[in-house]
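Enquirer: Sharing a structure here in structure tokens format.
Where a number appears in this text, it was derived from the coordinates with a stated rule and is not lab data. Because the structure is a prediction, the values reported are computed rather than measured. Glycine also receives a Cβ, built like all others from the backbone with ideal geometry; neighbour counts cover every protein chain displayed.
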Amino acid sequence: MTELPLPSGRRADLVALASDGTLLIVEIKSSVADFRVDAKWPEYRSHCDRLYFAIPESVPAEIMPQDAGLILADAYGAAILREAPEHKLAGATRRQMLLRFAQCAADRLHGLSDPDMPRGL
């Protein structure tokens, strides 16, 4: 799910739901400046089981936090360079995020068949 609104009021670039219920957030950084001016990403940890950064080759991997996963991506694909450490969500937070994910996915799917529908999340 792209640009998923979080309970904190922030928007995660990408949120993925694994088959086992694990929630992943991928924060995309397009440049060194993009990473340096962004102070909101630490808040994302409280909304996922694993946090990743995705960067292009032009961004030095060594500036990315070591306590997050790292993905190298371009227009043709991506590769995980470093797995993200797991920090399991509390049950209530997991439920809240799963419901948010499901509602947003349903709204977007419905929007494909009804472009005039009012938007939820």
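Enquirer: Amide H neighbours of ARG82 under 5 Å, counting only residues 5+ apart in sequence or on other chains, H built in-plane at 1.01 Å?
Expert: LEU70
Enquirer: Turning to a different aspect of this structure: Which trypsin sites (Lys or Arg not before Pro) from the range 12-113 combine a DSSP loop assignment with at most 16 other Cβ atoms within 10 Å?
Expert: Working: sites: LYS29, ARG36, LYS40, ARG45, ARG50, ARG82, LYS88, ARG94, ARG95, ARG100, ARG108; in loops: LYS29, LYS40, LYS88.
Passing sites in the range 12-113 are LYS40, LYS88.
Enquirer: Provide the per-residue ³J(HN,Hα) series for the range 72-83, in order, calculated from phi with Karplus coefficients 6.51, -1.76, 1.60 and θ = phi - 60°, each as a whole number of Hz, with x at glycine and proline positions.
Expert: Per residue, the Karplus-derived 3J(HN,Hα) values read 9, 9, 9, 5, 10, x, 8, 9, 7, 8, 8, 5 Hz.
Enquirer: Also, quick follow-up: What are the equivalent ellipsoid semi-axes of the chain, built from the alpha-carbon gyration tensor (square roots of five times its eigenvalues), in whole angstrom, biggest first? Working shown, then result.
Expert: Working: eigenvalues 131, 62, 36 Å².
Value: 26, 18, 13 Å, ordered largest first.
Enquirer: Using alpha-carbon pairs under 8 Å, 6+ residues apart, how would you state the relative contact order of the chain in percent?
Expert: Working: 182 pairs, mean separation 22.3, N = 121.
Reported as a whole number, the value is 18 percent.
Enquirer: Go through the range 50-65 residue by residue and turn each phi into a ³J(HN,Hα) via Karplus (6.51, -1.76, 1.60, θ = phi - 60°); whole Hz please, and just put x for glycine and proline.
Expert: Karplus-based 3J(HN,Hα) across the range 50-65 equals 9, 10, 10, 10, 10, 9, x, 4, 6, 9, x, 4, 5, 7, 7, x Hz.
Enquirer: Could you work out [θ]222 nm for the chain from helices alone, using -39500 (n - 2.57) per DSSP H run of at least four and dividing by all its residues? Round to the nearest 500 deg cm²/dmol.
Expert: Calculated mean residue ellipticity at 222 nm is -8000 deg cm²/dmol.
Enquirer: By how many degrees, between 0 and 90 and to the nearest 10, does the Cα long axis of helix 91-113 differ from the longest principal axis of the chain?
Expert: 70
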